[in-house]
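Encoded as structure tokens, the structure appears first; notes follow it.
A short reminder: the numbers here are calculations on the coordinates, not readings from a lab. Worth saying up front: this structure is predicted, and the values here are computed from it rather than measured. No Cβ is skipped: glycine too gets one built from the backbone with ideal geometry, and neighbour counts run over all protein chains shown.
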Amino acid sequence: MLKKLIPTVVLAVSSGYAMAAGALGKAADNAIFAQTLVNEQMSKHPELLVLGLHAPKPGAKDSHMIASNLDRIGKEDDEDDLAVAKERKTILAPNMKDPDKFEVAVPLKDSSGKVIGSLSTVFKYAPGDDEVKMYQAALAIRDEVARKIPNVAALFEPAH
């Protein structure tokens with residue numbers, strides 16, 4: 001509640017990750033390793049409309065969207081994002097507002113297999129498409145990304 005009352009102030013962080021109170025960061029300005037991972041996957045998967053990585057910054061209590069192809073960097077995680085990360089739930093759901101989209105959220109892992117957040121995807125969708133294949137594609141993306149993440153702190157390192 002208090003965040004909504006405070007004027008927008010961008011906090012510069014040495015890792016390049018910036019979070020604003022009342023405003024969300026732009027993907028193009030997000031100069032952290034997590035954003036590099038998102039950009040790589042978006043270029044490899046034309047069927048993917050949205051990819052977002054959610055994780056808590058080391059030492060922080062709250063989890064946020066830390067990287068995405070959308071300009072929503074710094075968005076506080078909602079109940080679904082938290083359920084995926086904390087309860088190891090998987091979410092598969094058609095987008096109720098846009099029937100041409102199908103959402104899959106899976107736990108984000110590091111290279112040791114430890115759950116460090118959540119990975120949210122939105123795929124192009126048409127009636128009759130195989131949702132299981134979208135789930136498998138989301139897992140493949142998650143697993144490829146995980147191999148490059150030694151720990152959650154690495155996600156916040158400067159892009160390389």
Query raised in the report: After finding the eigenvalues of the alpha carbon gyration tensor for the stretch 55-113, what semi-axes result from the square roots of 5 times each, listed largest first in whole Å?
Result: 22, 15, 11
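Nearest 20 debye, what's the magnitude of the dipole of the stretch 2-156 about its Cα centre given +1 on Lys and Arg Cβ and -1 on Asp and Glu Cβ?
On the way: 20 positive and 21 negative charges, 96 e Å.
The calculated dipole for the stretch 2-156 is roughly 460 debye.
Taking neighbour Cβ counts within 10 Å as the exposure measure, how do LEU92, LEU37 sort from fewest upward?
Values: LEU92 14, LEU37 23.
Ascending Cβ contact count within 10 Å gives the list LEU92, LEU37.
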Report task. For LYS124 paired with GLU79, estimate the spin-label separation in nm (one decimal), with each label point 7 Å from Cα along the Cα-to-Cβ line. Result -> 3.3
Requested in this report: Could you give the spread of the C-alpha atoms of the stretch 2-156 along their three principal axes, from largest to smallest, in whole angstroms?
Outcome: 46, 36, 30
Query raised in the report: Hey, which lysines would be in cross-link range of LYS114, C-alpha to C-alpha under 27 Å, not counting anything within fewer than 8 residues on its own chain?
Result: LYS44, LYS57, LYS61, LYS75, LYS86, LYS89, LYS133, LYS148
Report task. Have a look at VAL38, PRO56, SER68 and report the one farthest towards the positive end of the charge dipole of the chain, computed about the Cα centre with Cβ charges (Lys/Arg +1, Asp/Glu -1). Result -> PRO56
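For the chain, what is the calculated [θ] at 222 nm in deg cm²/dmol (nearest 500), taking -39500 (n - 2.57) for each run of four or more DSSP H residues and dividing by its residue count?
Working: 4 runs with 40 residues, N = 160.
Computed mean residue ellipticity for the chain: -7500 deg cm²/dmol.
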